[in-house]
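Participant: Questions regarding the structure given below will be posed in turn.
Nothing in this text is a laboratory measurement; each read-out follows from the coordinates by a stated rule. Just so you know, these numbers come straight off a predicted model, no measurement behind them. When we count neighbours, we look across all protein chains shown, and the Cβ atoms used for this are built from the backbone with ideal geometry, even at glycine.
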Amino acid sequence: MDSVKNDVVSYPAYLAGQWQMSSSHETIAIQSPWQHKVLGNVQAVTQPEVDQSIQAAKKAQHKWAALSLGERGQYLNQWARELEKDKAEIATTIMDEVGKNYADAEKEVTRTIDLIRYTVQEALHMHGESVRGDGFPGGSKEKLGIIERVPLGVVLAISPFNYPVNLSASKIAPALMAGNGVIFKPATQGAISGIKMIQALDRTGLPKGILSLITGHGSQIGDYLTEHPGINMISFTGSTQTGKHLSQKSIMIPLVLELGGKDPAIVCQDADLDLTAKNIIGGAFAYSGQRCTAVKRVLVDDRVADQLVAKLKQAIETLSVGSPADNSTVVPLIDDKSADFVQGLIDDALDKGATLVTGNRRKENLMAPTLLDNVTQNMDIAWVEPFGPVLPIIRVHSVDEAVKIANKSNFGLQASVFTQDIDKALEIAGAVEVGTVQVNGRPQRGPDNFPFLGVKASGMGTQGVHNSILSMSREKLTVINLK
Ligand code: NAP
């Protein structure tokens, strides 16, 4: 299937049920962010190949949707079993390709397997409803409405680099269970991980054409996919910039966007500071902060700020920094450009008077975890998503001020509130404009049976297994007019 030249594997795309090299004869080299070598080449798929894939998905979708839920579920459960077999190989690929440490990469595959199985179960247990017309003035009992959920057609699933397997399967599995065809466009940095998971899916004997995997730069093939008349729904996870672009390009088709964040940790005077520090550290620095739900700013009551900063400093200085293969917490960023961007934010903050507590060292794209205190609102780091291992501390005088600054952000993914007063926690939770509030815990996606959503520039629509199935299907009403 794969071809090897000078020790570098060229991976085919999966088009209309066939693994094939693109007729473009163009490939994209995938560079490991930490081994500094080419891991393999992926295909730059052409527009006619996209057309063929979408046509094949359209054709296969009717038969696929006609299968029973149980039959569709069998393919997905088999996929979960195939991923179990490939777990070590896929985890290694994630580690090599996006620089996630091995333990976390393996957890990502395990979580994906669980998510696929849960999606099957959830879909099996979802059902329509019926309604009589007499509930509305002038309506009658003789009108019986049967409301079923039907597939949308062909779903375009676009995933980001940071969870190349999990955030792809969390779109593909509900789309397939809902009876749709799928066009899967992985992040280019993450495409080999995506290919490996689809190789496992292909081994289940999945009907040909129902899913295609399109590799290629989003900047080149993305608009063509998004604007394609054969696409009936788009599920996208990635940056706010790309998400906004997609929402301008996709006209009159359902769109679910899970985008960037600037999740605040609001720390009240009565917070348990040990618990708070532990959660903030894990939240901010795991996978070098390259997580949408990373803690990206701390808004702390200035009466406890010194104590919290001391605890954070101590914990940061014990974090492991280095190779993903050694299970380091802080690992090289996805590329040098990302590290330059983070460095720019640190430099801007220091130029404007922030206090460097620890960090601000760098070797190529490996950045030491950095804590900045006395960050003020005129600094870019107060507002911009760094996607790197830097944490700004903004000292506040009151809960009201913390909420005001939290809400001044364009983003609205999650927020954490640390307090021992549940009334205060609920009051703050009610006031912050985000999709999810975590009380005495770090922001995080999941467990995957929870709804997951961002508001404002952090997204549109809701994910989580149940909601993803809903968003990839629609209601269909049949009215029986009884005599
Ligand atoms: P990105 O640069 O926006 O890329 C995301 C995906 O969009 C990639 O597959 C990319 O392809 C594709 N793309 C780029 N241009 C496109 C276009 N014109 N049309 C269609 N697709 C296009 O994001 P990223 O750097 O991979 O991921 C990091 C961002 O994702 C962060 O902002 C993070 O907060 C966010 N994120 C959000 C969530 C959430 O659930 N809220 C979860 C994880 C990550 P290429 O790779 O080929 O460019």
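Participant: So what are the ³J(HN,Hα) numbers for segment 72-81, from phi and the Karplus equation (6.51, -1.76, 1.60; θ = phi - 60°), rounded to whole Hz, Gly and Pro as x?
Facilitator: Computed from phi, the couplings for segment 72-81 are 4, x, 4, 4, 5, 5, 5, 4, 4, 5 Hz.
Participant: Still on this structure: Considering only DSSP beta bridges with both partners in segment 279-433, what is the antiparallel share in %, to the nearest 5?
Facilitator: Antiparallel: roughly 40 percent of the beta bridges in segment 279-433.
Participant: Still on this structure: Near the amide H of residue 233, under 5 Å away, which other amide H atoms are found, from residues 5 or more places off or on another chain, if H is placed in the peptide plane?
Facilitator: 154, 156
Participant: Assuming R0 = 51 Å, what is the FRET efficiency of residue 20 and residue 478, from their Cβ-Cβ distance, to the nearest 0.05?
Facilitator: Efficiency at R0 = 51 Å is approximately 0.75.
Participant: Assuming 1.002 mPa s and 20 °C, estimate D for the chain with Stokes-Einstein, Rh taken as the Kirkwood radius over Cα pairs, in µm²/s.
Facilitator: Working: Rh = 23.6 Å.
My calculation gives 91 µm²/s for D.
Participant: Take every DSSP beta bridge whose two residues both sit in the chain, then give the antiparallel share in percent to the nearest 5. Walk me through the numbers before you get to the answer.
Facilitator: Details: 36 of 74 bridges.
Expressed as a percentage, antiparallel bridges in the chain total about 50.
Participant: Count the DSSP beta bridges whose two residues both fall in segment 112-206, then state the antiparallel fraction as a percent rounded to the nearest 5.
Facilitator: On the way: 4 of 9 bridges.
Approximately 45 percent, going by the DSSP bridge assignments.
Participant: Also, quick follow-up: Excluding residue 162 itself, calculate the net charge of residues whose Cβ lies under 10 Å from the Cβ of residue 162, where each Lys or Arg counts +1 and each Asp or Glu counts -1. Walk me through the intermediate numbers first.
Facilitator: Working: positive: 100, 291; negative: 108.
Counting the neighbours of residue 162, the net charge comes to +1.
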